[in-house]
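**Q** Before we start, here is the structure in question, set down as structure tokens.
Only the coordinates and a few stated rules stand behind these numbers; no lab work does. Here the structure is a predicted model, which means the values were calculated and not measured. Quick reminder, even Gly has a Cβ in these numbers, built from the backbone with ideal geometry, and neighbours come from all protein chains shown.
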Amino acid sequence: MTPETDSPRAPVTLLAGLRSRATVAVSALLTDADPTLLVVAHDLTDAGRGDRHPGTGDLIRRIVYDAAGIVEVESVPVRDGCVACTVRETGPAALGRLAAAHPGRPLLLVLPEAVEPELIAPAIAGWARPPAGDRRPDRPAGPGRAPGFAPEPAARNAGPAVDDGPGRERIAGPGLGQPAGPRAGAGLVVRSVIAAVDPELLLADLGTTDDLADHGLSTARGDLRTVAEVVARQVEYADTVVLCAAPDAPDDLVRTAAAVLRGLAPWARLLEEPTGAGLLRTGRHDPHGCGTAARGLEGLPVGAEYTEHGVTGTVFRSRRPFHPDRLNDALGAVTDAALRTRGHCWIATRPDLALIWESAGGGLSIGAHGPWLAALPDDLWPCVSAQRRALAAADWNPYYGDRRTELAFVGLGLDVAALHRTLGGCLLTDAELAEGADGWRALADPFAGCFGVPDESAP
């Protein structure tokens, strides 16, 4: 069977991108290629109206259209002041209703600008999964973010201009146009996740230290994400990356942007001269995938070794742990050297804890992922994915177990040799290694208390 016919569930494509010019261009390509496509976009003009007009509620207008024009417009109250939470919690039910009302038609969900697709795709999968009871799908959490927290961008019109006309707009809420539970509409399956990128803005976005709020791209209170990390996460989660260059875009700039994208997501298909054909229902998205943060722990590549058009990618690997104090001293030099770093690592003072590492826009996040298998009781191993267990068995070290560091870097003019020397100098020496875990825990540790779990050295 072809990817679009091997399941009775309605095929959904997610389209993400921080720059609306790029997402609008890709949406147009797709509707031109398939006039039956139902596009679900979001107008955030009134997402913050409660702040401007006290006593009124914040609303998102969910616009559904196809090649022939507007199909419907639905006003959705913003939940908990968070646009991304609203899209995650109400979007799957809306897609299910559309799939039931328009059987056989593919669906394209265009995410608001700073919404990360890794937040939305599992929610769609959770909605489509037959429930054990009448419950909402679990809320996934990314590294460094609390469960359920997903703020994003300021008001932008992600769809075409709308003339509602009489009777075309309605307020969504419990019992209004949404099924009561996962069984009420057609099943859904995410077939592809596309990231649309404007090459003329990519390097500036990845290089800036600005927060989303600095550009009016945040609508939820407490959204501390940077422009750079959102762009990187959108690209890295995608299975297809579309480079939407303007006709007069400089060729050199476009080639550099393409080289950066190959480093950010070497596992994705990169389309530099896109057409709508072949972008829908590709079957490239793995709904059971581990997400970007834990790729290396599952034995998947975290990056690539390459040099192309002034862009360099490299991966630092080690079985030895980092000395926490030396690593802390080197963090500025390491993160400043690259546009993007990501992967996992371990430090000597926390030998049982696998840490997720990512940086972009001058900021660095190191957070706890969970225990290494070597630190996990045998009876809990079945709780870990079969793929991770297989990797551990194939690469088990008699001293370190499955512990290892694997960090990917992408940068312009990156000095790979200097970077590896710096990181190598942060590892334990032979003498420090010989002291064993008890000695490691006594090392000076500027990361103490940073990972949300009790310190192993604490009494």
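**Q** Per 10 Å bin, what percent of the C-alpha pairs of region 225-369 does each bin hold, from zero upward?
**A** 10, 36, 35, 15, 4, 0
**Q** How far apart, in nm, are the 7 Å Cα→Cβ label points at D32 and L203?
**A** 2.8 nm
**Q** Ranked highest first by the average count of other Cβ atoms within 10 Å around their residues, in what order do 280-293, 27-40, 110-123, 424-437 fall?
**A** Ranked from most to least packed, the peptides come out as 110-123, 27-40, 280-293, 424-437.
**Q** Oh, and also: Can you give the FRET efficiency for A417 and A448, using 1/(1 + (r/R0)^6), R0 = 25 Å, r = Cβ-Cβ distance, to the nearest 0.05?
**A** That gives a FRET efficiency of 0.20.
**Q** Of all GluC sites (Glu not before Pro) in region 270-310, which ones are in loop regions per DSSP and have a Cβ with at most 15 other Cβ atoms within 10 Å?
**A** Sites meeting the loop and neighbour criteria: E272, E305.
**Q** Which FRET efficiency, nearest 0.05, do D378 and L300 yield, Cβ-Cβ r, R0 25 Å?
**A** 0.50
**Q** Dipole of region 296-440 (Lys/Arg Cβ +1, Asp/Glu Cβ -1, origin at the Cα centre): which of V302, L391, H344 lies farthest to the positive side?
**A** Of the candidates, V302 comes out farthest on the positive side.
**Q** Does a label point 7 Å from the Cα of A437, set along Cα-to-beta-carbon, have any residues of region 369-392 with amide nitrogen under 13 Å, and which are they?
**A** Of the residues in region 369-392, 371-378 have backbone N under 13 Å from the label point off A437.
**Q** Separate question: From the C-alpha coordinates alone, can you work out the Kirkwood hydrodynamic radius of region 296-440, in Å?
**A** Every distinct Cα pair counted, the radius reaches 15.9 Å.
**Q** Run the numbers for D286 and R105: contour at 0.36 nm per residue of separation, minus the present Cα-Cα distance, in nm.
**A** 63.1 nm
**Q** Short version: what are the Cα gyration tensor semi-axes of region 184-239, square root of 5 times each eigenvalue, largest first, in whole Å? If you can, show how the numbers build up before the last one.
**A** On the way: eigenvalues 140, 59, 14 Å².
Calculated on Cα positions only, the semi-axes equal 26, 17, 8 Å.
**Q** OK, next. I want to check the label-to-label distance for A393 and D336. Put each point 7 Å from Cα in the C-beta direction and report it in nm to one decimal.
**A** 4.7 nm
**Q** Right, here's the next one. Can you pull the three principal axis extents for the Cα set of region 77-131, in Å, largest first?
**A** 33, 25, 22
**Q** Between region 402-433 and region 181-252, how many Å separate their Cα centres?
**A** 29 Å
**Q** Further question on the same structure: Treat each spin label as a single point 7 Å out from the Cα along the C-beta direction, and report the L364 to R9 distance in nm.
**A** So the two model labels end up 3.9 nm from each other.
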